[in-house]
Amino acid sequence: MDAMAKTSTTTQGLRAAIERSGYYPALVAEAVEAAVGGEPVRSYLVHQETTFDQNEVRRHVTVLVLTDTRFIVSHTDEQAADTTSPTPYATTSTESVKLGRISSVVVSRVVANPESYTPGALPREVVLTIGWGAVSRIDLEPAACGDPNCDADHGYTGNSTADDLSLRVSEAGDGPETVRQALAFAQAISEATADTSR
């Protein structure tokens, strides 16, 4: 299969995955397609999440798309009627990030019975964290010295962590195909960001 045919198949696969999610597919697809523009889609991940907020069920879908030059993130949330709107509504947003701006790609795998793990076996869950500097989390704590009797103020110490996107998929909650897709997307974006010419 040549590169053009593969790209067309990948774009069709993205559209089919959005439609399969069943979560306002026309709205989600339009937002994603507008953000992608004419660029070929290299890899994608569609993840739907349902949360329970007191007496309400809320759905959220995240679509991640990798093109030759950009990483695109789309989030769509539904909201119940409130003081600003008499009817339920949805909010969708997209962010486009140049591949050169991505500073970290972290893939955490949770594997059951690691003593009997065989290469290629599917993890129980995958957490994909991608950082590009838009959002950072700072964890601070009082600094101390080694003297247990010291009561001087040593200021603070802490860590700054890029925390732009963190997405968790599990075999039990999302199915094995979504876990496979998350691993494939993680590998594709890791490889794309390793190419410093982009």
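Taking a ≥ b ≥ c as the square roots of the eigenvalues of the Cα gyration tensor, segment 37-113 is classed as oblate, since a/c reaches at least 1.5 and a/b does not exceed b/c. Quick check on the chain: take the gyration tensor over C-alpha atoms, sort the square-rooted eigenvalues as a ≥ b ≥ c, and tell me if it's rounded (a/c under 1.5), prolate or oblate. Because a/c hits 1.5 or more and a/b exceeds b/c, the chain counts as prolate.
Comparing THR69, THR84, THR11 in a Gaussian network model of the chain where C-alpha atoms under 10 Å apart are linked, the largest mean-square fluctuation is found at THR84.
Report, to the nearest whole %, how much of the accessible area of segment 47-118 belongs to carbon and sulfur atoms, 1.4 Å probe, protein only.
Details: 2140 of 4380 Å².
Roughly 49 percent of what the probe reaches on segment 47-118 is carbon or sulfur.
Farthest towards the positive end of the charge dipole of the chain, among the residues SER190, THR129, GLN12, is the Cα of GLN12, using unit charges on the Cβ of Lys, Arg, Asp and Glu.
When the chain is treated as a GNM with alpha-carbon contacts under 10 Å, the residue of GLY173, GLY100, GLY146 showing the greatest mean-square fluctuation is GLY146. Each other residue within a Cβ distance under 12 Å of ALA184 adds +1 if Lys or Arg and -1 if Asp or Glu, for a net charge of 0. Each Lys and Arg adds +1 at its Cβ and each Asp and Glu adds -1 at its Cβ; summed about the Cα centre, the chain shows a dipole of about 780 debye. Taking the Cα centre of segment 49-95 as reference, the dipole from Cβ charges on Lys and Arg (+1) and Asp and Glu (-1) amounts to some 100 debye. Within the listed set LEU167, LEU14, LEU99, the residue fluctuating most in the Gaussian network model of the chain (springs between alpha-carbon atoms under 10 angstrom) is LEU167. Surface analysis of the chain yields an accessible area of 60 Å² per residue, using protein heavy atoms and a 1.4 Å probe.
The values are calculated or read from the model by the stated rules, or taken from the named source; none is laboratory data. Worth saying up front: this structure is predicted, and the values here are computed from it rather than measured. No Cβ is skipped: glycine too gets one built from the backbone with ideal geometry, and neighbour counts run over all protein chains shown. Surface accessibility is based on the protein's heavy atoms, side chains included, excluding ligands, DNA and RNA. Shrake-Rupley method; radii C 1.70, N 1.55, O 1.52, S 1.80 Å.
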